[in-house]
Structures are given as C-alpha cells and as structure tokens.
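The values are calculated or read from the model by the stated rules, or taken from the named source; none is laboratory data. Just so it is clear, the structure is predicted and the values come from calculations on it, not from any experiment. Cβ sites come from the backbone with ideal geometry, for glycine too, and all protein chains shown count toward neighbours.
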Ligand code: SF4
C-alpha cells in the first residue's frame, strides 16, 4: 500500500479510536494530515479535545484563525480599549494587527469603533482554551533499514523540540505477524510511541507496541539544525522558546480544526468520471480506470486517464449543484463538519 493510502487509514483509525487503548474516554480526536511548521510537516496530527471545548470554539467559525487573528482574539479586552494598548506588541508592523482587528470584527468575534481617530476594540466572545494535547504521528507503512534510519532522525528532532505532546511512528501490520522487525523499532528514540496499524481492513485495528513518553511542550525546546555524522564536527542547535511553541501548537490545532483529514479530496480530481469514494469507514478515494486506490499526486490534471464527467451526469438524477464529483466533495465536507 502506498504511503498516501496508509496515511488515510491511520487518520480514519485515529478518528475512531484515539487515544490507543482507551475506548471509554469522553475525549474527541480531531485528525488532520500534513500539518506542522515551515521546517517540519507531520504526516498525521491528532488534536485531543472535548465536545464541550469544541462547542466553545464553534462561535469563531469553521475557518481557522491564523496567527494574526489569534493574536487579536486571545488578547481582546472585555472593555473598549485602543487596540495598540489592548494588544501586546506583535513584533511586526501594527498595520497588520489593524487589518486582523477588522477581520476579527468581520467574523463577529470582536467589536470595533472609532474614537478620536483611534480604533478601539472589545471582545464579543472569549477565545477558549480548547486544545488539550497535540500529537504528531509519522507514517511509514513499509519500514526497511534506510527508512527506519531517516525516521529515527526525524523523530529525534521532534523529541528534542517538544512541539508536540507526544510523537508516534505508525507502521503497517503484514499478514504474517506483527510485521515489524524489532531491530528497526529499536533504532527509534525511546520517547516515540510505535503503533502497528492493519491497513487491509480500512484501518480498523491497531496495536501499540511501544508506549511514548510525554514530551514537555511547555518547556524550552531544542531545534537540531545540523548533526554531522563524521563523529568529529559538533552538532548545531538552536533554542525554541516556550511562547513560540505555544503559538505554533495553536496554529497547527486551528488548521486541523479547519481541514480535518478528508480535505484530501480538494487536491484530487473529483470531477473525473473515474473518481469514486469507497468504504464508509473513510471514505477513501478509488480510481475506476486504474481499478485501485490512486494517490493524490497521480489524481491530477496531468493524469493521462483523466476524463471529465459527462455534462449529462450533472443534469440527470444528480442534485442541481453538480455531478457525482461535487456530491463526493459535499459528502466529505459534511463528515468533516460532523467531527467538529
Ligand atoms: S483517471 Fe486519473 S484523474 Fe481520474 S480518478 Fe483516476 S487517477 Fe484520478
């Protein structure tokens, strides 16, 4: 199975069963793909939260709050105040803050008024503390020695930085046994958890073979910039301050909230006549022309087998809004909303 398909199975499993081994908790797992920072993108991100916290987040809208908007809503005062006095110095030009204040007002979460030529604001809704933990999962369905080496290094970086509360490696179970060579797993940092996911049944089963250690997301982190393997040169490190980590985690959580993992369809050709959605447990994409699951990369305008939906599909038997491709996108968007 290709990494893309495996990643979708891991997401589907995590949405239903996170955290591993605790099927009775009242937590909610918001799962998304390919999120992180400019330097590091995680395959799967799990934002642990609760239904009550999500209800408090809901008034801020389905779209994410970007870093500028977060700066405004997290610091917006209860009483009218000149915005430059109410909000901490952002470290970038105030005009961007002013724009963000207006955007926050457009979303109905702050109010603004002009007094003596100055823009004042006050909050309408308090931005809630809605994120319990952010967990990063690296997916590698076929773990061989060289993949294990590269992964171990990536996970060491994640552990040193401590941006996520936990890091995991998810790999694939094979038909023969647990399917993973112990020697390969031993190469992983002990702080990283290891999950073996059965991808063949739509990602419905997974087994924890190593429990992770909680990382201190509130403490300063270490960014490993370079680690030469010649044994002589010194590694280069950089300090990551807790404030930066806190902001980044929230930005990642906000993006996960907006996108969910089913946003994969946005980059695929759902308007191709061969595009299908299969397995209600996902749903997952499938290409009827190739008679297999296609990756997001191959399901593009460059695909030699691409054929647009015939116009008649869009008029007969399908809702007015479009043909089966548009209906597939609506289905995925509905599923995403239901999670929130
Ligand atoms: S034929 Fe190509 S574009 Fe169409 S669904 Fe299959 S992979 Fe996607």
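What residue, among those in the range 286-295 that are free of Cβ contacts under 8 Å to residues at least 40 places away in the same chain and under 13 Å from residue 5 (Cβ atoms), is surrounded by the fewest Cβ atoms within 10 Å (Cβ to Cβ)? Spell out how you get there, then give the answer.
Going residue by residue through the range 286-295, those that are free of Cβ contacts under 8 Å to residues at least 40 places away in the same chain are 286-292, 294.
From what is left, the residues that are under 13 Å from residue 5 (Cβ atoms) are 286-287, 290, 292, 294.
Numbers: 286: 18, 287: 21, 290: 13, 292: 10, 294: 25.
Within the range 286-295, the match that is surrounded by the fewest Cβ atoms within 10 Å (Cβ to Cβ) is 292.
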Q: Scan (1) within 23 Å of residue 339 (Cβ to Cβ); (2) within 16 Å of the ligand (Cβ to nearest atom); (3) surrounded by 12 or more Cβ atoms within 10 Å (Cβ to Cβ) for the single condition residue 255 breaks and write down its number.
A: (2)
Q: Working only within the range 296-318, note down all residues that are assigned to a loop (DSSP other than H, G, I, E, B) and either modelled with pLDDT under 80 or surrounded by fewer than 16 Cβ atoms within 10 Å (Cβ to Cβ) (or both).
A: 297, 300, 301, 302, 304, 305, 307, 310, 315, 316, 317, 318
Q) For the subset of the range 69-78 comprising residues that are touching a helix residue (DSSP H, G or I) at 6+ places or on another chain (Cβ under 9 Å) and part of a loop (DSSP other than H, G, I, E, B), which member is nearest to residue 250 (Cα to Cα)? A) 76
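For the range 267-290, which positions are touching a helix residue (DSSP H, G or I) at 6+ places or on another chain (Cβ under 9 Å), over 14 Å from residue 327 (Cα atoms) and within 8 Å of the ligand (Cβ to nearest atom)? It would help to see each step written out before you state the result.
Of the range 267-290, the ones touching a helix residue (DSSP H, G or I) at 6+ places or on another chain (Cβ under 9 Å) are 269-273, 275-277, 279, 281-285.
Then drop every residue that is not over 14 Å from residue 327 (Cα atoms), which leaves 279, 281-282, 284.
None - no residue of the range 267-290 is touching a helix residue (DSSP H, G or I) at 6+ places or on another chain (Cβ under 9 Å), over 14 Å from residue 327 (Cα atoms) and within 8 Å of the ligand (Cβ to nearest atom), so the list stays empty.
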Q. In the set 269, 273, which member is in contact (Cβ under 8 Å) with a residue 24 or more places away in the chain, outside the structural domain of residue 28 (by TED's automatic domain parsing), more than 22 Å from the chain's Cα centre (by Cα) and within 30 Å of residue 303 (Cβ to Cβ)?
A. 273
Q) For the range 11-29, does any single residue satisfy the condition of being touching a helix residue (DSSP H, G or I) at 6+ places or on another chain (Cβ under 6 Å) and touching a residue at least 60 places away in the same chain (Cβ under 8 Å)? A) yes
